[in-house]
Amino acid sequence: MNNNRNVISLFSGAMGLDIGLARAGLNIVIGQDFDKSCVETMQANGHEVLCGDIREIKAPDLLSVTGMKVGEPFLICGGPPCQPFSTAGKRLGINDPRGSLFMDFIRMIDYIRPRFFVMENVKGIISSPLKHVPIEERDESNPEQQLGTVLDVILNEFNKLNYKTVYGVLDAVNYGVPQFRERFVLIGSRDNEDIFLPVPTHFAVHQNEKYKWQSLSSAIRDLENAPGVCESFSQERLKYLRLVPEGGNWRSLPEEMIEEAMGGAYRSGGGKVGFYRRLSYSEPCPTLVTSPVQKATMMCHPVQDRPLSIREYARIQQFPEEWVFTGTVASQYRQIGNAVPVGLAEQIGKAIIAAADNTAVVKTKRFRGTGIHNRLKEVLTMGGTLI
């Protein structure tokens, strides 16, 4: 059996996933991306990268660049662009041209035949409906047009390739990341190995301080007066933000000012929690967005009247201090905001290595307390609460 730890990374972005996998003990041989700023970021940090549209890259050519043969790579990882499946968007799913990029990920797996793969995406991919009609002819009220979900197709494709799969939605805060961030993770094994999703390492309640959820304070408080480059809020928005206390949002504004501050969003539905949001040092950060200054998704510093900075964004996503981001300020925010948190990625890598080395399970003939042990295992793997 192949014992190397070589990884091919697709849709690599700023390499959050790759850094975490490397910390787990894997070797990132090459990255790939279409976005010029992402490519330049990878190169600026000394990584080999293949620039280009995945739809135009031939699998034999990609493999040739790595110097490896079919079946040799330990892992292929990547997250096809997630916009079509986002719960915040129009959820066009497979009918959005970007939605088909997961098929190119599958195409690479089919030819290269890595021992394992990791595919990550937004959690909306689980329920994103698959439809067989053109966008312009779609009738959202007609259930007969729906043919299951995008995930159904993905799992079926990997089943055709004889890959055993396990999947779920993981929240990065449960893996030592100072941020609530849910990501869909799909792990596959070519050789029918006992793969599993990583078990949480951090909890909302724990008797040991170092195993509790990490707060925003633990990540960025030391940068409070030296944040580095950051965007700025308009004077109009600052007028209201200055009235919002730490941990508050638009609901904290004086009643007589709320409608004026919210504008057209005042009468819209939803919780609108991101409007005039000022973060709290004492809690994990909400999910980082690709821009901290948008009206509906503000990421205002806990005690200063400014958005989180580039450096603070990177800290929350757990990038190394020396990591270089290239491109415009807006591009850097986007690269970091789209990344997989390093701590979550590291635990995914460790879970795969444990499966590969067959070291994850403590085997016993029998033990007392089977019920409570099984219940605890279920709670830990599902991120639930033990009652």
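The values are calculated or read from the model by the stated rules, or taken from the named source; none is laboratory data. This is a predicted model, so every value here is computed, not measured. Note that we place each Cβ from the backbone using ideal geometry, even for glycine, and neighbour counts take in every protein chain shown. Surface areas here come from the heavy atoms of the whole protein model, side chains and all, with no ligands, DNA or RNA. Shrake-Rupley method; radii C 1.70, N 1.55, O 1.52, S 1.80 Å.
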*Taking Cα atoms, how many degrees apart are the long axis of helix 101-112 and the longest axis of the chain, rounded to 10 and kept between 0 and 90?*
30 degrees
_Over the range 1-79, what is the relative contact order in percent, taking alpha-carbon pairs closer than 8 angstrom and at least six residues apart?_
41 percent
*Two-site FRET efficiency, Asp194 against Glu236, from Cβ-Cβ distance with R₀ of 35 Å, rounded to 0.05*: 0.05
*What is the chain's relative contact order, in percent, from Cα pairs under 8 angstrom and six or more apart in sequence?*
18 percent
*Based on DSSP, what percent of beta bridges with both residues in the range 166-294 are antiparallel, to the nearest 5?*
75 percent
*Could you state the accessible area per residue of the range 168-284 in Å², with a 1.4 Å probe and every protein chain left in place?*
50 Å²
*asked:* If each residue of separation counts as 0.36 nm, what is the full-extension length gain between Lys212 and Glu48 once their alpha-carbon separation is subtracted?
replied: 55.4 nm
*Computed FRET efficiency, Cβ-Cβ of Ser291 and Asp110, R0 41 Å: what is it to the nearest 0.05?*
0.65
_How large a share of the accessible area of the chain, in percent, is made up of carbon and sulfur atoms when the probe is 1.4 Å and the other protein chains stay in place?_
50 percent
*Degrees between helix 370-382 axis and first principal axis of the chain (Cα, 0 to 90, nearest 10)*: 60 degrees
*By how many nm would the segment from Lys160 to Thr201 grow when fully extended, if each residue of separation counts as 0.36 nm and the alpha-carbon distance is taken off?*
11.4 nm
*asked:* Using only Cα atoms and rounding to the nearest 10 degrees, what angle (0 to 90) does helix 329-338 make with the longest principal axis of the chain?
replied: 50 degrees
